[in-house]
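> Below: one structure in structure tokens.
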Amino acid sequence: MSLMIENVLIPVEDGYATVNVQVKDGKIAAIAPQIDAIATKLLLPGFFNAHTHSSEMWQRGIMSILPLELWLAELYDFAPLDTEQVYLSALGTAVETLLSGGTSVVDHLVLIPGQELETIATAVRAYREVGIRAFIAPLIQDESITASIPSGESTQTHEPYFRSTAATLEIIEEAVRQFHRPEEGVNILVAPTGIQLCSDALFTGCIELSNRYNLCRHAHLLETKAQEKLAQEKYGCTAVEHLKRIGFLGDRTTLAHCVWLNDADIAILAQTQSTVVHNPLSNLRLGSGIAPILKYRQAGVNVTFGCDGASSNDSQDLLEAIKIGAILHNVTDSDYQHWITPRQAVEMASLGGATGLNLADKLGSLTVGKQADLILYDLTNLSLLPRTDPIGLLVLGRPTNVVDSAWVNGKQIIANGKITTIDVDNLRQELFNRSQWETTRKSQTVAQIEAHYRQVMGL
Ligand SMILES: [Zn+2]
């Protein structure tokens, strides 16, 4: 299988070059200069949507304006409980990711209780059908939701979680046996949701599976001020110190959010070569705070971007997350020499994502020998005109329907701006038919826990 992507602009050291890119057997085989032609398209490595939760698509737009702990309680009260919905929202997440420059998605997948393997199988099927490179991180925990809020002065007790830690780990191991096929573009990750809802036994079990099957690790980390407090209550030290002590951090560990870390924590992430996934829109939507991204970069911590689930964003537009995630820090850090440039943002979104998933030798840049996960942008689109700096306008502008083509592992899955592998019109129809206009809902769990939350947070 060989194909030629002709007459395209690519970024080079001192600007852009017009080239032909040859793809053979799923890999970039050659990049040859084209002297006389004027390119109308820009070729970039595919980005990583390095943290999302696909089934949140069903509640986007309707979630109350609440901080994470209360928002989560509402989310779970109305979570979809049917695999057909999981299937459709995984398709939707894949399509929106692809159409905003992503060729890989890390789905921290919420599992339907009692149908855990079916949920994973459904997401695998959806991602295989679309053809996006999938990193499925089944979201697991072994503590019940009220445990995620600090106790403060109160003596809280929590319901035990409905499934044992051992049973949860067995599900993950079975998912690895059935579905982990990296060479086919489907990867399973170990993904405890975070310190707020997981015991050390669960973390340790995940570390063992990760070592035995060579799996990447994924978790939320210190998304909110409440989690920072909780870590002190739970461990008597920071969450990062604790995760280092139990051995969860490392060069194939990606950590979503990382808002509430101190300088010593940041040094630990650098030393362990852990990756931070920046989810700026979610952090703004839930009032979680602004992650100290420029500090991470100065400390040598790898950083990439995620949309986070569509209920806290409320979209899956990766270019939007990259834009906000890049320029947000111009207001938090006055030294403009550290501000993120458009080219740096592109590198974070591509090579940064590949690095976090331990695939920097195979993905993340336009390099001969790497897998052909590529996106072609239409530079004649009104939102990318007039001709200035294509990457500057792609990152800082408001690019609209600019993806012309996409390839994953050398296989074309977008052509002329349209997904070629699935029927998107049918997907739109299904999403429309299976939902209804709504305005307000009442979450019983929020009503139960809100007073305590306000008290411990000093509100
Ligand atoms: Zn998340």
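FYI, it's all coordinate maths here, none of it is from the lab. This structure is a prediction, so every number in the text was calculated from the model and none was measured. Counting neighbours? That spans all protein chains shown, and the Cβs are built from the backbone with ideal geometry, glycine included.
> Is it true that some residue in the range 357-380 is surrounded by 19 or more Cβ atoms within 10 Å (Cβ to Cβ), of a type in the set (Val, Ile, Thr) and in contact with a Leu (Cβ under 7 Å, 6 or more places away or on another chain)?
Yes; the residues of the range 357-380 include at least one that is surrounded by 19 or more Cβ atoms within 10 Å (Cβ to Cβ), of a type in the set (Val, Ile, Thr) and in contact with a Leu (Cβ under 7 Å, 6 or more places away or on another chain).
> Here's something else I'd like to know. With ALA226, ALA219 as the choices, which residue is of a type in the set (Gly, Ala, Ser) and in contact (Cβ under 8 Å) with a residue 60 or more places away in the chain? Reasoning before the result, please.
Numbers: ALA219 fails: in contact (Cβ under 8 Å) with a residue 60 or more places away in the chain.
Of the residues listed, the single one that is of a type in the set (Gly, Ala, Ser) and in contact (Cβ under 8 Å) with a residue 60 or more places away in the chain is ALA226.
> Let me ask another. For residues that are in a loop (DSSP other than H, G, I, E, B) and within 19 Å of TYR453 (Cα to Cα), scanning just the range 195-250, find the one that is nearest to the ligand (Cβ to nearest atom).
Step by step, filter the range 195-250, then rank; the result is GLU223.
> Next up: Scan the range 38-53 and report the pairs whose first residue is over 21 Å from LEU363 (Cβ atoms) and whose second residue is part of a loop (DSSP other than H, G, I, E, B) and within 12 Å of the ligand (Cβ to nearest atom), with Cβ atoms within less than 6 Å and a gap of 6+ or a chain change.
HIS53/GLY309
> Sticking with this one: Just one of TYR76, TYR16 is touching a Pro at 6+ places or on another chain (Cβ under 9 Å) and surrounded by fewer than 16 Cβ atoms within 10 Å (Cβ to Cβ); which is it?
TYR16
> Output the residues belonging to the range 426-459 that are among the charged types (D, E, K, R), more than 25 Å from the chain's Cα centre (by Cα) and under 22 Å from TYR127 (Cβ atoms).
Correct list: ARG434 only.
> On to the next question. Under 7 Å between Cβ atoms, which residue pairs at least 6 apart in sequence (or on different chains) link something in the range 387-400 that is within 15 Å of THR40 (Cβ to Cβ) with a partner that is in a loop (DSSP other than H, G, I, E, B)?
PRO390/LEU379
> Also, I was wondering about something else. Within the range 30-43, take every residue that is of a type in the set (Val, Ile, Thr) and in a loop (DSSP other than H, G, I, E, B) and give me the one that is nearest to the chain's Cα centre (by Cα).
First, the residues of the range 30-43 that are of a type in the set (Val, Ile, Thr): 31, 35, 38, 40.
Of the ones still in play, those that are also in a loop (DSSP other than H, G, I, E, B) are 35, 38, 40.
Numbers: ILE35: 38, ILE38: 35, THR40: 30 Å.
Selected residue: THR40.
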